[in-house]
Structures are given as C-alpha cells and as structure tokens.
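Have a look at the structure below, then the notes.
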Amino acid sequence: MLKRTITLLVLLALCAPTTLYAKRRKSETQRVAIPIYDTIRVVVTDTIKVEPKPAPRIDTLQLTKTPAEIDSLIEAWSALHQLQSEKHLFDIYDGDDDTTASLPIDSLYKQRLQDMVSPVHLPYNYIVRNFINQYLSGCWSPLSRIVGLSRYYFPIVEEELIAAGLPLELRYLPIIESNLSIRATSRMGAVGLWQFMPATGKNLGLEINSLVDERCDILKSTRAACRFLAHLYRAYGDWTLAIAAYNCGPGNVNRAIARAGSQCKTYWDIYDYLPRETRGYVPKFIAAAYAYTYHQAHNIEPTAIPDCVATDTVMIRRVLHLGQVASTLNIPIETLRDLNPQYKLDIIPATKKAYSLRLPTSYTSEFVASEKEIYAKDSLYLKEYLNPANLEKKRAEGVGYIYTVRSGDNLGLIAKRNRTSVQNIMKWNKLKSTVIRPGQKLRIEKPKPRA
C-alpha cells in the first residue's frame with residue numbers, strides 16, 4: 001500500500017510540469033484569440049435653430065445721398081446709357097469694308113439698305129436715291145439737328161413701339177412728318193411730331209381744346225400713332241401700304257388698289273395710282289432710315305442736343321401754372337414749355353382729371369418736396385388767367401417758342417422764317433439793336449413753324 005502511494009506521487013511529480021506547460025499554452029492561445037475591436041469615434045453636433053434676421057425698416061435706413069442727389073445720378077446714368085446705346089447702334093453701320101467702300105454710289109446705297117434687315121421693306125431705286133441726297137444735303141432740315149433731337153424723342157417713341165409690338169423702324173415716321181419738331185404745324189393744320197389733323201387726333205382719343213393740345217404730347221401722341229399704325233397694318237398686311245395710308249388715308253390707298261388691280265399687294269404696285277404727295281412718302285421714309293442710320297459714314301455729327309435727355313413725370317390734380325413750378329424749383333420756364341408743349345397757355349387745367357407734368361429727372365424729388373410751396377402761388381400766377389378776357393388775349397398771341405440763333409442768322413431771316421417782322425422780334429425780346437450772336441435765345445410769340 002505504501003509502495004503504491006509512493007509510485008503515484010512520483011508519477012504526479014513527473015506529469016506536473018507538462019500539465020502546467022499545457023495550461024500556460026492554453027492560456028496564451030486564449031489570449032491571442034481574443035478579438036480586438038477598432039474604436040469608432042462618433043461626433044454629435046447639436047442643431048441650433050437660427051431665426052432669420054428681419055429686413056430693416058425703410059424709415060430706419062440711413063441713406064448716404066439725398067433724393068435730389070439720387071435723381072441727379074439717375075439723370076446722369078440715363079444720359080450715359082443713351083449715348084452708349086446710340087454708339088452701339090451706329091458703330092454697327094459706321095464705316096464699310098474695303099469691298100463695300102469702293103462701290104459706286106448707287107451700289108453702295110443699295111448694299112447699305114440691304115444690310116438694314118427690317119420687317120419694313122427698304123428697296124433702293126432712283127427715287128429713293130434722290131431723297132437720300134436731299135437728306136444728306138440738309139434740304140428740309142439739317143440732319144445733324146435731327147440726330148441730336150432724336151436723343152430725347154427716340155427712346156420715348158421706341159418704348160411705345162415695343163409695347164405695341166410694332167417695328168422699331170417706324171420711329172423714322174416723325175422725321176418725315178415733322179423733322180422731330182414737336183410744335184410743327186402744317187399749312188393744313190396738322191400739328192405735332194406725328195402731324196395729326198384735329199379730327200384724326202380726336203378720333204384717336206387725344207384731347208384738343210383751348211388750353212390743351214395732346215397732339216404735342218410726345219407720349220400720348222405716340223401711343224395714338226401706334227394704335228393707328230397697328231390698325232392700318234391689320235387692314236393691309238404690308239407695312240409700305242400701311243405707311244402710305246398713314247399719309248393719305250385708307251380711302252386713297254383703297255382707290256389706288258382698285259385701279260391697279262386686286263393682285264397688287266405692295267406700295268410699289270400701286271405707286272402710279274397714289275396721290276402725288278404720297279408717291280414720295282415711302283421713298284422719303286426709306287431715305288430717312290438710311291440717312292439716320294449712316295449719318296456717321298457721311299461725317300455728320302449731331303447738334304442741337306436737348307438740355308435734358310432724362311425726364312420723369314408727376315401727376316397734377318389741381319389747376320397749375322408752369323410759372324409756379326419754374327419759380328419755385330428754379331427751372332427755366334422755357335425748359336418746362338419744351339417738355340410740356342401740350343399746354344398751350346402754360347396752364348394745366350386739372351379740375352376734373354389728373355394731367356401729367358414732365359420734368360427733368362433731377363427735379364422730380366424736389367417737386368414732391370416743394371408741392372405746398374408751389375401750390376401756394378396760385379393767386380399770384382393764376383389771377384391773370386382766371387379772367388376770360390386775359391385768356392382770349394393770350395390765346396390770340398400764342399404761347400410761342402424760343403429760337404436759338406445759329407451762325408449766319410440775322411433778324412430779317414428769322415422774321416421771314418416765322419412770318420413776322422423784325423420790329424416784333426425786337427419788341428418781344430426788348431432788343432435795342434438788330435445785332436444778334438450765335439447761341440442767343442430769342443422769344444418768338446408765334447407758333448413754331450414746320451422745320
């Protein structure tokens with residue numbers, strides 16, 4: 001028994017290291033087999049609700065410029081924009097390539113007209129050539145003067161043509177109608193830029209009475225002309241026929257078509273059957289389009305540029321004399337008359353409805369700020385005109401206009417042009433002698449003659 005016990009102890013002693021080694025190996029194996037996990041970093045960002053910042057109130061804004069200064073900046077910008085727009089237009093047609101420049105004059109005119117792509121047909125022939133030469137020579141009115149006046153009138157006319165969906169080339173109609181003279185009066189009694197007869201003007205919705213003649217209102221007369229031209233185009237479907245009908249009336253054009261035959265579709269098809277004046281009307285229109293577009297190519301520079309190109313309107317709702325505005329805002333009354341020629345006696349008769357007053361843009365804010373002061377002068381300026389006898393006297397005299405003396409002018413020539421006498425001109429201007437100088441302003445107490 002003792003021997004067996006000793007033998008068992010010896011065996012346990014011999015096996016102990018192996019068992020311990022096995023356990024250690026097992027422990028190391030287990031330690032190696034333990035998986036190692038990567039640490040994932042999670043960033044949590046709080047959501048912060050940002051309330052929108054309210055826009056500042058108008059009455060709390062701190063303006064760096066006064067309304068008058070802003071108006072002046074707008075006026076300067078408008079003038080610059082107009083010059084840039086003109087430059088862009090005229091630069092396209094200014095000058096020719098070597099091939100075109102070497103063409104004979106007839107081929108040159110024809111090529112240039114073909115380059116003026118337009119919905120209004122602009123053909124070239126010897127009749128058109130004669131009218132082009134007359135425009136370039138200043139036969140009716142200096143082309144330089146027409147181009148200068150266009151800087152004021154054409155932006156207004158073009159805006160209305162675009163609004164009515166009409167070709168912009170129709171802006172040349174006032175050139176052949178009135179040479180861009182807003183007070184032009186024909187021997188037959190047609191008045192204004194578009195030369196409406198009284199009946200035609202009234203039929204088109206223009207107000208014509210003792211105090212107001214909207215045929216001289218650039219905006220309203222242009223809108224009336226657009227309505228009339230659109231109606232004529234719908235009737236004939238051809239712009240040359242519509243332009244001819246604008247001149248002589250639809251009745252004459254219809255009779256010419258009947259005589260020429262129903263197959264005739266254009267102005268040139270019925271040319272021989274039209275009244276004599278209308279036979280030159282469309283060729284003159286084409287010539288005016290050419291002369292205006294290519295005036296730089298003929299070394300003609302604009303003159304007689306209006307003093308104020310940028311204008312705005314304010315609405316008048318009570319009787320007002322232009323003198324009230326002129327004296328308060330320190331604007332020459334002649335400037336107000338030039339911008340508002342529809343008011344024949346300088347009075348805006350706003351009793352039953354509102355009327356517009358056109359001002360240089362730089363004065364619009366000042367007018368609004370000075371309205372009380374302006375209307376406070378009613379008794380001073382309207383006293384004379386509230387008397388019917390004074391109104392009749394003023395109407396008989398006519399509002400007149402301001403003539404700017406040009407180089408080569410003398411009082412005799414100016415008097416003849418205005419169908420008056422040298423003595424009257426001296427009286428109207430309080431002249432002590434007949435000596436005048438270029439640039440001098442003369443008051444002519446008669447309606448402005450057609451240029």
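The values are calculated or read from the model by the stated rules, or taken from the named source; none is laboratory data. Computed from a predicted structure; not experimentally measured. Cβ placement follows ideal geometry from the backbone for every residue including glycine, while neighbour counts extend to all protein chains displayed. Side chains are part of the model used for accessible areas, which takes the heavy atoms of the whole protein and leaves out ligands, DNA and RNA. Shrake-Rupley method; radii C 1.70, N 1.55, O 1.52, S 1.80 Å.
Scanning the range 123-135 for residues that are under 14 Å from Y172 (Cβ atoms) and open to solvent by 20 Å² or more (accessible area, probe 1.4 Å) yields one hit, F131. Taking the listed residues Y267, Y236, the one that is open to solvent by 20 Å² or more (accessible area, probe 1.4 Å) and aromatic (F, W, Y) is Y236, with no other qualifying.
Give the residue that is farthest from Y135 (Cα to Cα), with candidates limited to residues of the range 342-353 that are open to solvent by 40 Å² or more (accessible area, probe 1.4 Å) and in contact (Cβ under 8 Å) with a residue 12 or more places away in the chain. Before the answer, list the steps.
Within the range 342-353, the first condition is being open to solvent by 40 Å² or more (accessible area, probe 1.4 Å), and the residues that meet it are 344, 351-353.
With the extra rule that they be in contact (Cβ under 8 Å) with a residue 12 or more places away in the chain, the set shrinks to 344, 351.
On the way: K344: 31, T351: 45 Å.
Result: T351.
Residue count for the range 342-368 under the criterion of being part of a loop (DSSP other than H, G, I, E, B), of a type in the set (A, V, I, L, M, F, W, C) and farther than 21 Å from E445 by Cβ: the result is 2. Inspect all residues belonging to the range 153-173 and state whether any of them is without any contact (Cβ under 8 Å) to a residue 24 or more places away in the chain, in a loop (DSSP other than H, G, I, E, B) and open to solvent by 10 Å² or more (accessible area, probe 1.4 Å). No, because not a single residue in the range 153-173 is without any contact (Cβ under 8 Å) to a residue 24 or more places away in the chain, in a loop (DSSP other than H, G, I, E, B) and open to solvent by 10 Å² or more (accessible area, probe 1.4 Å). When you look at K372, is it more than 28 Å from the chain's Cα centre (by Cα), modelled with pLDDT of 90 or more and more than 22 Å from V191 (Cβ to Cβ), yes or no? Taking the combined requirement at face value, the residue satisfies it. Residues of the range 101-122 that are open to solvent by 40 Å² or more (accessible area, probe 1.4 Å) and over 27 Å from T303 (Cα atoms): S102, L103, P104, D106, S107, K110, Q111, Q114, V117, P119, H121. Just one of the listed residues (T200, T185) is in contact with a strand residue (DSSP E or B) (Cβ under 6 Å, 6 or more places away or on another chain) and open to solvent by 20 Å² or more (accessible area, probe 1.4 Å), and it is T185. Within the option set S102, S141, being more than 19 Å from V309 (Cβ to Cβ), under 25 Å from the mean Cα position of the chain (by Cα) and either modelled with pLDDT under 85 or among the polar types (S, T, N, Q) (or both) holds for one residue only, S141.
Could you tell me which residue of the range 214-227 is surrounded by the most Cβ atoms within 10 Å (Cβ to Cβ), considering only residues that are charged (D, E, K, R) and touching an Asp or Glu at 6+ places or on another chain (Cβ under 8 Å)? Working first, answer last.
To start, the set of residues in the range 214-227 that are charged (D, E, K, R) comprises 214-215, 217, 220, 223, 227.
If we keep only those that are touching an Asp or Glu at 6+ places or on another chain (Cβ under 8 Å) as well, we get 214, 220, 223.
On the way: E214: 25, K220: 20, R223: 18.
For the range 214-227, the residue satisfying everything is E214.
Condition (residue is hydroxyl-bearing (S, T, Y), out of contact with any Lys or Arg (no Cβ under 9 Å at 6 or more places or on another chain) and in contact (Cβ under 8 Å) with a residue 40 or more places away in the chain) applied to the range 247-265: is it met by at least one residue? Looking for residues that are hydroxyl-bearing (S, T, Y), out of contact with any Lys or Arg (no Cβ under 9 Å at 6 or more places or on another chain) and in contact (Cβ under 8 Å) with a residue 40 or more places away in the chain, one finds none in the range 247-265, hence no.
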